[in-house]
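Engineer: This structure is in structure tokens; I'll ask about it shortly.
The values are calculated or read from the model by the stated rules, or taken from the named source; none is laboratory data. As the structure is a prediction and not an experimental result, all values here were calculated from the model. Cβ sites come from the backbone with ideal geometry, for glycine too, and all protein chains shown count toward neighbours. Protein only, heavy atoms only, side chains kept; ligands, DNA and RNA dropped before computing areas. Shrake-Rupley method; radii C 1.70, N 1.55, O 1.52, S 1.80 Å.
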Amino acid sequence: DNIECIPQAIEEFHPNGIKFDIVLSNMSINHLDEDACVNLDKDIAAQEKYLGIFKKIRSLMNPNGKFIILDNSNRNFFWIFKKRSPFCPNINWRKHQPPEVWIKLLKEAEFTNPKISWPSRYYYLLSLYCPKIISYFIDSFFRIERES
């Protein structure tokens, strides 16, 4: 009853003073600005774009709120060989970044206490996790949880 989905870009969103306890980016962090994301690991302008997005998200959160990111890393077996994954054939790995890139930007936006895990992609809302090495050979699905 207390969840509402608003189809609007974060940059355009103005909640009129409402603050959030949880912000969930489910399979979307790499797509908030795809052009910037492609070069995020080496382009300062792209990093600034995402840093602005993360600061906006942080400004919308209550103290000790949680920002949860669920997505796929491009650091995986299939990306090395420029192949499509049979587990997630529609992913364009070029548009994805590894969790380490996101954590660096989140720290710059003053999010704290990073927690990275490698959940089972198909059961990510449950507490089923697999070792990072297995995830590397399947789909490199990760979960980052940060406090505001």
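Engineer: Pick from region 39-76 the residues that are β-branched (Val, Ile, Thr) and more than 30 Å from residue 138 (Cα to Cα): which of them is surrounded by the fewest Cβ atoms within 10 Å (Cβ to Cβ)?
Structural biologist: It comes out as 44.
Engineer: Go through (1) more than 17 Å from residue 105 (Cα to Cα); (2) touching a Ser or Thr at 6+ places or on another chain (Cβ under 8 Å); (3) not in a loop (DSSP other than H, G, I, E, B) for residue 91 and report which single condition fails.
Structural biologist: (3)
Engineer: Any residue in region 26-48 that's without any contact (Cβ under 8 Å) to a residue 60 or more places away in the chain: show its pairings with residues that are surrounded by 16 or more Cβ atoms within 10 Å (Cβ to Cβ) and charged (D, E, K, R) at Cβ separation under 7 Å, as long as the two are six or more apart or on different chains.
Structural biologist: The qualifying pairs are 27/71; 33/49; 36/49.
Engineer: Quick one: which residue in 12, 34 is more than 20 Å from residue 146 (Cβ to Cβ) and open to solvent by 70 Å² or more (accessible area, probe 1.4 Å)?
Structural biologist: Within the list 12, 34, the selection yields 12.
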